[in-house]
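So the structure is just underneath, and the comments pick up after that.
The values are calculated or read from the model by the stated rules, or taken from the named source; none is laboratory data. What you are looking at is a predicted structure, and each value in this text was computed from that prediction instead of being measured. As a convention, Cβ positions derive from the backbone with ideal geometry for all residues, glycine included, and neighbour counts pool all protein chains shown.
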Amino acid sequence: MKFKGILFDLDGTLIDSLAVVDRAWRSWAKRNSLEADHVMQVIHGRPARESVTELLGGANEAKIEQEFAWLERYESEDTQGVHALPGAVALLTQLNVLQIPWAIVTSGTLPVASARIKAAALPRPKVLITPELVKKGKPDPAPFLLGAEKLGLLGEQCLVFEDAPAGVQAGHLANCTVIALQTHFKPAQLPEADYYINSLEDLFIQQEDDEYKLSFIDSNRSM
């Protein structure tokens, strides 16, 4: 397929942060006397503040802000076990060499995303879209549309790499071609993806005039 820019999710797509996410949210669940397994089912791919608001039910704004701040501090300070997924550093480095526009579009806040990008030793993105920059987070398309805009592109000119249902839906609604990594979810759980891959190592990029072409070594097209 041909494209002009790429929009990457961060957690579960470029990096493995599952251990710290699990530690943070389970600790937060215990702190708030919530069922941890239910909490873990709610949070993936969504902005933390939205998850906190939903999980705390009718809590007032002061309580929501207090609990969100506790969680953000925990996740930005604890990066033990955070590492780049196979192929991530090599792919981003190749994009920089080829001067292909790319951005990270994440549901993690700026402090959390910045800490994890550093811990995973990823190339720094010139464009980093976090929940502070949009009114609505994934599954709303706003984050990806803003990412494309910051690259000087339209949604339909971009590829989106995602791993979670909320992100796949957001990319689809932004009119991007969505490629789902099967790191945490199976294709049946990501029905709006256009393609599925097992690893970023399964990609091959070449330049064609003013566009770029992406090929897959081992992938399946969505039905």
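What to note about this one:
- Listed conditions (1) in a helix (DSSP H, G or I); (2) outside the structural domain of residue 212 (by TED's automatic domain parsing) are all met by residue 95, apart from (2).
- Breaking point among (1) at pLDDT 95 or above; (2) not assigned by TED's automatic domain parsing to the domain that holds residue 181, for residue 47: (1)
- Test: residue in the stretch 103-111 that is without any contact (Cβ under 8 Å) to a residue 24 or more places away in the chain, assigned by TED's automatic domain parsing to the domain that holds residue 170 and under 29 Å from residue 149 (Cβ atoms): yes
- Residue in the stretch 40-55 that is over 13 Å from the mean Cα position of the chain (by Cα), more than 29 Å from residue 173 (Cα to Cα) and not acidic (Asp, Glu) present: no
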